[in-house]
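The values are calculated or read from the model by the stated rules, or taken from the named source; none is laboratory data. Small disclaimer: the values here were computed from a predicted structure and weren't measured. Quick reminder, even Gly has a Cβ in these numbers, built from the backbone with ideal geometry, and neighbours come from all protein chains shown.
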Number of protein chains: 2
Amino acid sequence: MCGTCGCNIPQTAADGHESVEVLTGLLDANDHQAAHNREHFSEHGVLAINLMSSPGAGKTALLEATIEAFAGRVGIAVIEGDLETENDAERIRAKGVPAVQISTGSACHLDAHMVHGALHELDLQGIDILFIENVGNLVCPASFDLGQNFNVALLSTPEGHDKPAKYPVMFRAADLVLITKSDLLVVLDDFDPGEVSRYLRQLASSAPMFELSAKTGDGMQPWLAWVEEAKA
Amino acid sequence: MCGTCGCNIPQTAADGHESVEVLTGLLDANDHQAAHNREHFSEHGVLAINLMSSPGAGKTALLEATIEAFAGRVGIAVIEGDLETENDAERIRAKGVPAVQISTGSACHLDAHMVHGALHELDLQGIDILFIENVGNLVCPASFDLGQNFNVALLSTPEGHDKPAKYPVMFRAADLVLITKSDLLVVLDDFDPGEVSRYLRQLASSAPMFELSAKTGDGMQPWLAWVEEAKA
């Protein structure tokens, strides 16, 4: 019973318990599929990296710059996740790299089944690294294992340095944090990379953190070195 | 059966149907509560506006600037939604306006029950406009009616002009689209407001679209006029 207005609408959904059970079941099924994807990657000697961020934080631009930097040295493939459009996969293919677009419709994240389906369209022969660009969303993707080896969370400078405090699930799940669009720091007077680091440590995260600009190329080297070491 | 590897994991979750049924039930319960919230607002003569955007697109900064512009003329209250922290509510209270923070934990959106709970902590007497700042997420919040009168979607210039095409559910739900952080346009060579408009129209949206900068105050007037007209 609502004390404000005397209505008899319960203040939590009546079917809350049931939905929790179904969610648990879905996550169990997802984890099972993710473990299977991981075996797939391992058998093919493929390193799988899951890129997650807010919309427009520069995941595709990072991939474009990374592909250019590794050209001829490292075999790369990409799985792109978006609600709609094939735009990102087309940008990747324009760099000469195979890319499969997953259109999630209204779903806010990739799951292990979607990635498994995309693997059917990818020849992993000769691939060293598979980048999975998740749906732009700083909440939901963090809860779904895709079978990746590493999670990388991007935080673009215009979003503000408080995001690890406000989106802790994502930043706790990150094995590496990339501060992107560092070229905009000259015009942003309210973004302090030191604060990002401080908020990260408050989450008990020991993930390394690099600043870079895919646009200017500044700061790409530590990221590329991290990828190469992860691959080794 | 998976054709790639011969495993017997189904390619869609076995319990997909059940989860759809539960989701439908949750949305029905949400809609019921939202209708009740709407009656609440109507009885108190309160206009409720739901602000939605990606993380860091400037929802709180817009509210700060709006509160300053309406100071002494319009009674404003704010409900803030975040996974964690009381930061945004504190920023609003510092402007002399009542604000209730909803901490969603790991939930990626506000729902009508959460808003109803927050209303118990708000005295709507003397309030003309209630702004509800949703969780920063360009996907999930669009699917949950809170009882608001209007949905406003913010798109910040650094996110890129293609977002209506990639996040159609959000932009179809928007009654008004605000392009925020217009002060950054001088350093962004790849954002064209005309393209945002074109993508919006492709979604058959006739929502008006304004560009503004809460930081410099440029472009605030059409937004303030829209709010005043909505309130009338």
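Restricting attention to segment B:32-63, and to residues there that are closer than 18 Å to A:Leu138 by Cβ and of a type outside the set (A, V, I, L, M, F, W, C), which single residue is surrounded by the fewest Cβ atoms within 10 Å (Cβ to Cβ)?
Only one residue fits best here, namely B:Thr60.
What residue, of A:Pro158, A:Pro222, is outside any loop (DSSP other than H, G, I, E, B), touching a residue at least 12 places away in the same chain (Cβ under 8 Å) and surrounded by fewer than 23 Cβ atoms within 10 Å (Cβ to Cβ)?
Only one candidate qualifies: A:Pro222.
Before we move on, is A:Ala214 in a loop (DSSP other than H, G, I, E, B) and crowded, with 22+ Cβ neighbours inside 10 Å?
So A:Ala214 fits the description; yes.
Of all residues in segment B:11-26 being closer than 23 Å to B:Leu110 by Cα and surrounded by 17 or more Cβ atoms within 10 Å (Cβ to Cβ), which is modelled with the lowest pLDDT?
Filtering first and then ranking leaves B:Val22.
Conditions first: (1) within 7 Å of chain A (Cβ to nearest Cβ); (2) aliphatic (A, V, I, L, M); (3) surrounded by 22 or more Cβ atoms within 10 Å (Cβ to Cβ). B:Ala153 passes all but one, so which condition is the exception?
(1)
Those residues that are within 30 Å of A:Ala57 (Cα to Cα), among the hydrophobic types (A, V, I, L, M, F, W, C) and crowded, with 22+ Cβ neighbours inside 10 Å, I need them from segment B:64-80; list them, please.
Those that are within 30 Å of A:Ala57 (Cα to Cα), among the hydrophobic types (A, V, I, L, M, F, W, C) and crowded, with 22+ Cβ neighbours inside 10 Å: B:Val78, B:Ile79.
Of the numbered conditions (1) β-branched (Val, Ile, Thr); (2) in a loop (DSSP other than H, G, I, E, B); (3) over 23 Å from A:Glu84 (Cα atoms), A:Val177 fails exactly one; give the number of that condition.
Result: A:Val177 fails condition (2) only.
So B:Ser206 fits all but one of (1) over 30 Å from A:Asp88 (Cβ atoms); (2) small (Gly, Ala, Ser); (3) modelled with pLDDT of 95 or more; what number is the exception?
Condition not satisfied by B:Ser206: (1).
Filter segment A:81-118 down to the residues that are more than 18 Å from A:Arg38 (Cα to Cα) and of a type in the set (Asp, Glu) and list them by number.
A:Asp82, A:Glu84, A:Glu86, A:Asp88, A:Glu90
For B:Asp189, work out the one condition from (1) part of a helix (DSSP H, G or I); (2) modelled with pLDDT under 95 it doesn't fulfil.
Tallying (1) part of a helix (DSSP H, G or I); (2) modelled with pLDDT under 95, B:Asp189 fails exactly one: (1).
Find the residue count for segment A:48-66, including only residues that are touching a strand residue (DSSP E or B) at 6+ places or on another chain (Cβ under 9 Å) and closer than 13 Å to A:Ala89 by Cα.
Total meeting the criteria: 4.
Does B:Phe171 satisfy the condition of being surrounded by fewer than 20 Cβ atoms within 10 Å (Cβ to Cβ) and among the aromatic types (Phe, Trp, Tyr)?
no
Show the residue pairs that are 6+ apart or on different chains and have beta-carbon atoms under 6 Å apart, the first residue being within segment A:29-49 and within 12 Å of chain B (Cβ to nearest Cβ) and within 18 Å of A:Ile76 (Cβ to Cβ), the second being surrounded by fewer than 21 Cβ atoms within 10 Å (Cβ to Cβ) and aliphatic (A, V, I, L, M).
Taking only residues 6 or more apart or on different chains, the pairs are A:His44/A:Leu124.
Residues A:Gly194, A:Gly147: which one is assigned to a loop (DSSP other than H, G, I, E, B) and either in contact with a His (Cβ under 9 Å, 6 or more places away or on another chain) or small (Gly, Ala, Ser) (or both)? Please lay out each step first, then the result.
Details: A:Gly194 fails: assigned to a loop (DSSP other than H, G, I, E, B).
Just one listed residue meets the conditions, A:Gly147.
Take segment B:201-211 and flag every residue that is more than 14 Å from every other protein chain (Cβ to nearest Cβ) and outside any loop (DSSP other than H, G, I, E, B).
B:Arg201, B:Met209, B:Phe210, B:Glu211
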